[in-house]
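Novice: Pasting a structure here, questions to come.
The values are calculated or read from the model by the stated rules, or taken from the named source; none is laboratory data. Just so it is clear, the structure is predicted and the values come from calculations on it, not from any experiment. Positions of Cβ are generated from backbone atoms using ideal geometry, with glycine treated the same way; all protein chains shown enter the neighbour counts.
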Amino acid sequence: MRSLLVAFVALALSQSAASQTRAGGPGAETPPATPFYAVAYVETMPSAARAAAAALADYRRSCGKDDGCLSIDLFEQLGRPGHWALVETWRDQKAFDGRAPGPPKQFLDALASIRVSGYDQRPYKATSVAAARGQTGPQSVSVVAHVDVAPNPAVAPMLTRLAEASRREPGNVRFDVYQHTMRGNHFTVVETWRDQTALDAHVTAPHTRQYRDELQPLTGSPLDERSYRPLP
């Protein structure tokens, strides 16, 4: 009788533990963090481009001290000094939301006297993101593209195919696709190429031309692509 009672108690305990694990109680497996992204834009006076670059670099360094901030990539638009883009990568949305609302006051104060537009930041999730394939250099060229479409479930797979094919090109350093967290029909594509020659080859590649032909009937506005210089 005693052995039966011990076995019954052991069974009950094991079932309780399994139930707690499924319900997220003690012993439950922690789900992997889902990276969270923020893409921001700001325009400063062309004459103050050096001061703006310094402020952006300081912000990137300070972000590295925040728990959950994995990286900040900085870009200056080619041919338009003072036009900047930032791509932030966070461990998850909880880490992003856990910081003080918006960028640090010190950073915004540094831009206050030289900016000509507000600091515009948008939240994103990954559609197709992969590790960079090499380092950027003085000749590297980045492209940030905005893809606005009528809601259509075919667009995300279309962009994923483009990203995967583009990463196989010899001159590609980075090719990432992000989807707006609240506007599912808006995507941002961030790509970096070894040099202008590599970018030109990509633009005329068969998979790029096919993508543009397939996308054009679905777009809600003209495709917005802008070239940038990645800041080291």
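Novice: Which ones in the range 102-120 are surrounded by 15 or more Cβ atoms within 10 Å (Cβ to Cβ) and touching a residue at least 40 places away in the same chain (Cβ under 8 Å)? Reasoning before the result, please.
Specialist: We begin by selecting, within the range 102-120, every residue surrounded by 15 or more Cβ atoms within 10 Å (Cβ to Cβ); these are 103-104, 107-108, 110-111, 114-115, 119.
Listed by number, the residues that qualify are PRO103, PRO104, PHE107, ALA110, LEU111, ILE114, ARG115, TYR119.
Novice: Only one of PRO153, PRO170 is surrounded by fewer than 20 Cβ atoms within 10 Å (Cβ to Cβ), closer than 20 Å to ARG209 by Cβ and either over 17 Å from the mean Cα position of the chain (by Cα) or not small (Gly, Ala, Ser) (or both). Can you tell me which?
Specialist: Values: PRO153 fails: closer than 20 Å to ARG209 by Cβ.
Result: PRO170 is the single residue among PRO153, PRO170 that is surrounded by fewer than 20 Cβ atoms within 10 Å (Cβ to Cβ), closer than 20 Å to ARG209 by Cβ and either over 17 Å from the mean Cα position of the chain (by Cα) or not small (Gly, Ala, Ser) (or both).
Novice: For the range 44-62, give me the residue count where each residue is in contact with a helix residue (DSSP H, G or I) (Cβ under 9 Å, 6 or more places away or on another chain) and under 18 Å from GLY102 (Cβ atoms).
Specialist: The number of residues fulfilling the criteria is 7.
Novice: When only residues in the range 213-232 that are within 24 Å of GLY82 (Cα to Cα) and among the hydroxyl-bearing types (Ser, Thr, Tyr) count, which is surrounded by the fewest Cβ atoms within 10 Å (Cβ to Cβ)?
Specialist: SER227
Novice: If you scan the range 104-128, which residues turn out to be closer than 21 Å to SER62 by Cα and part of a strand (DSSP E or B)? It would help to see each step written out before you state the result.
Specialist: From the range 104-128, those closer than 21 Å to SER62 by Cα are 104-115, 118-123; that's our starting set.
Those that are closer than 21 Å to SER62 by Cα and part of a strand (DSSP E or B): ARG115, ASP120, GLN121, ARG122, PRO123.
Novice: Could you list, in sequence order, all residues of the range 148-179 that are among the polar types (S, T, N, Q) and at pLDDT 95 or above? Before the answer, list the steps.
Specialist: At the first step, the residues of the range 148-179 found to be among the polar types (S, T, N, Q) are 152, 160, 166, 172, 179.
Matches in the range 148-179: THR160, SER166, ASN172, GLN179.
Novice: Same structure again: Does THR208 satisfy the criteria of being touching a helix residue (DSSP H, G or I) at 6+ places or on another chain (Cβ under 9 Å), of a type outside the set (A, V, I, L, M) and farther than 17 Å from LYS125 by Cα?
Specialist: Numbers: touching a helix residue (DSSP H, G or I) at 6+ places or on another chain (Cβ under 9 Å): yes; of a type outside the set (A, V, I, L, M): yes; farther than 17 Å from LYS125 by Cα: yes.
It is true that THR208 is touching a helix residue (DSSP H, G or I) at 6+ places or on another chain (Cβ under 9 Å), of a type outside the set (A, V, I, L, M) and farther than 17 Å from LYS125 by Cα.
Novice: Could you grab me the full set of residues in the range 174-212 that are β-branched (Val, Ile, Thr) and surrounded by 14 or more Cβ atoms within 10 Å (Cβ to Cβ)?
Specialist: Keep residues of the range 174-212 that are β-branched (Val, Ile, Thr), which gives 177, 181, 188-190, 192, 197, 203-204, 208.
Correct list: VAL177, THR181, THR188, VAL189, VAL190, THR192, THR208.
Novice: Another question, then. Need at least 1 residues that are surrounded by fewer than 14 Cβ atoms within 10 Å (Cβ to Cβ) per element, so show me which strands (runs of 3 or more DSSP E) inside the range 29-96 make the cut, counting only ones lying wholly within it. Walk me through how you get there before you give the answer.
Specialist: Numbers: elements: 36-43, 69-77, 83-90.
The strands (runs of 3 or more DSSP E) meeting that bar are 69-77.
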